[in-house]
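Presented below is the structure to which this report refers.
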Amino acid sequence: QAFSLFVKSKEVPVAAPVPGGEEARRWRCCRQAFEERSGIHRHVALQHAGDIGPQVETAAERVSAPVSSLGEAEGLNRCSHSSPEIFCTLPDTSHISNDDLTSKVGEVLLYYCYCDVKDPEKLSAWQKDLCHHLHLTGKVRVASEGINGTVGGSKVATSLYIEVMLSQPLFKDILCPEDFKSSAGGAHCFPDLRVGIFKEIVPLGIDPKIVSYKETGIHLSPQEFHREVEQYLSQASQGQNDTILLDCRNFYESKIGRFQGCLAPDIRKFSYFPSYVDENLELFKDKRVLMYCTGGIRCERGSAYLRSKAVCKEVYQLKGGIHKYLEEFPDGFYRGKLFVFDDRYAICSNEDIISACQYCGIMWDQYKLCSSQHCRQLVLTCPSCQNKGLTACCPVCQEKELKVTTRASGQTLKEECECTRRRPRVPIEHVSQRMLDTGE
């Protein structure tokens, strides 16, 4: 009954009757129009499962609400059921044309905010409504420790998104305009919108209560980090160094772009980082560590974990990550492209290419997905090799076109390909003191 009432509240008037005398019905929700009952049912089940209970009380009122005010009505109704620290209204977009709000010329925002969230469900529901309202796509992770998002849309939409996020009482005095990293793009950079509730806003794989962002390393501004790297490289050239410049991203990220003289672990997932540190503790003993990642969030937990081992002299991290560094030093010590987790795969600030086509060896840094149907690995293959049909990540994928295996339970799994099998889950670094001293 609650489900039916919720769907009923989304009905809008229909001008023309349906041939045959049937009563015509249309629905509108999250600024989307639905012409079939199955469509609105699927949308409500996926996007509003947690909202149905609270909305029953106000469903009758909302049935008669004007179509143009449904979005605002949803926000106000949510707000009345929310905890005081989460303000759930939606911005007024009545003065903005649909073309401006949905323009393909836009940007992608990257941000995070660590804070205590008492009700992740409400924050998640509000984020879904807000992003749908502004026609934003992307990924947003919500947890009791905060929020982490990357969203794309028109510049009008992303500007409104930032404005609303800064006015959210939950983030007051924590989130600031500089915390939003932007790059050219738009809603087309993501296939859809995904908002979810997780245990961590960045997947380190360790309970936030055990390793907290509150125990993070010392933050360095891009200017301070630039000076530190400059000093590090200068000392390394003289054969004396007590510092490690550590890239805490995944191997396929550092492969196409990294800081000069860095140590880039050959790991596939950030959740492998703690094991990497454990297996290589001797490497970090009595060292100053300068850490960096894409936008800063992985360093928050990664530096906290490294500090918990009590082996380093000091642990520093680049505030705002590579994104903020490149805004101020596009031709600085970071060379190559910056990997991003959307359909662009990479953005650039300089012309350097530091990686190569894995088939012919010419300089190449534009990723594509492996051509095998069931593989999700990324591959560096140049146009010439692509024209020859060399489009898979490894010989196994190229020759066999991975077959899907199925467990008795019916769960479908993908076969591991050669490049996955031959890479150690946690590499043991064999780095000599001479290599560290020279910054190689």
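The values are calculated or read from the model by the stated rules, or taken from the named source; none is laboratory data. None of the values given here were measured: they were computed from a predicted structure. Reconstructed Cβ throughout: ideal geometry from the backbone, glycine too, with neighbour counts over all protein chains shown. Note: accessible area is taken over every heavy atom of the protein model, side chains too, but ligands, DNA and RNA are not part of it. Shrake-Rupley method; radii C 1.70, N 1.55, O 1.52, S 1.80 Å.
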Criterion (out of contact with any Gly (no Cβ under 7 Å at 6 or more places or on another chain), in a strand (DSSP E or B) and farther than 18 Å from Leu380 by Cβ) met by exactly one of Val315, Val289, Val277: Val289
Could you list all residues from segment 285-305 that are over 25 Å from Ile256 (Cα atoms) and among the hydrophobic types (A, V, I, L, M, F, W, C)? Ala304
Of the residues in segment 336-389, those that are open to solvent by less than 30 Å² (accessible area, probe 1.4 Å), in a loop (DSSP other than H, G, I, E, B) and of a type outside the set (S, T, N, Q) number 7
Scan Arg307, Arg298 and give me the residue that is touching a residue at least 24 places away in the same chain (Cβ under 8 Å), closer than 29 Å to Ile353 by Cα and surrounded by 17 or more Cβ atoms within 10 Å (Cβ to Cβ). Arg298
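With a cut-off of at least 1 residues that are on the phi < 0 side of the Ramachandran plot and of a type in the set (Phe, Trp, Tyr), name the strands (runs of 3 or more DSSP E) lying wholly within segment 168-261.
On the way: elements: 181-185, 193-197, 218-220, 243-247, 257-259.
So the answer is 257-259.
What about Val117, is it in a strand (DSSP E or B) and buried (at least 17 other Cβ atoms within 10 Å of the Cβ)? Working first, answer last.
On the way: in a strand (DSSP E or B): no; buried (at least 17 other Cβ atoms within 10 Å of the Cβ): yes.
Criteria not met by Val117.
Can you give me the number of residues within segment 147-157 that are without any contact (Cβ under 8 Å) to a residue 60 or more places away in the chain, under 17 Å from Cys113 (Cα atoms) and crowded, with 23+ Cβ neighbours inside 10 Å? Outline the logic, then answer.
Let us first name the residues in segment 147-157 that are without any contact (Cβ under 8 Å) to a residue 60 or more places away in the chain, namely 147, 149, 151, 153-155, 157.
Checking which are under 17 Å from Cys113 (Cα atoms) leaves us with 147, 149, 151.
So of that shortlist, the ones also crowded, with 23+ Cβ neighbours inside 10 Å come out as 147, 151.
Count: 2.
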With Asp247, Asp266 as the choices, which residue is modelled with pLDDT of 95 or more, among the acidic types (Asp, Glu) and not assigned by the TED database to the domain that holds Arg376? Asp247
Among the residues of segment 231-269 satisfying the criterion of being acidic (Asp, Glu) and open to solvent by 40 Å² or more (accessible area, probe 1.4 Å), which is farthest from the chain's Cα centre (by Cα)? Asp242
Do any residues in segment 270-281 that are crowded, with 18+ Cβ neighbours inside 10 Å have Cβ atoms under 8 Å from those of residues that are among the basic types (Lys, Arg) and in a helix (DSSP H, G or I), where the two are at least six apart or on different chains, and which pairs are they? Phe270/Arg298; Phe273/Arg298
Out of all the residues in segment 148-155, is one or more not assigned by the TED database to the domain that holds Phe273 and not in a strand (DSSP E or B)? yes
Just for segment 206-230: of the residues that are more than 23 Å from His323 (Cβ to Cβ) and surrounded by 18 or more Cβ atoms within 10 Å (Cβ to Cβ), which one is farthest from the chain's Cα centre (by Cα)? Val211
Quick one: would you say Val315 is modelled with pLDDT of 95 or more, surrounded by 19 or more Cβ atoms within 10 Å (Cβ to Cβ) and not hydroxyl-bearing (Ser, Thr, Tyr)? yes
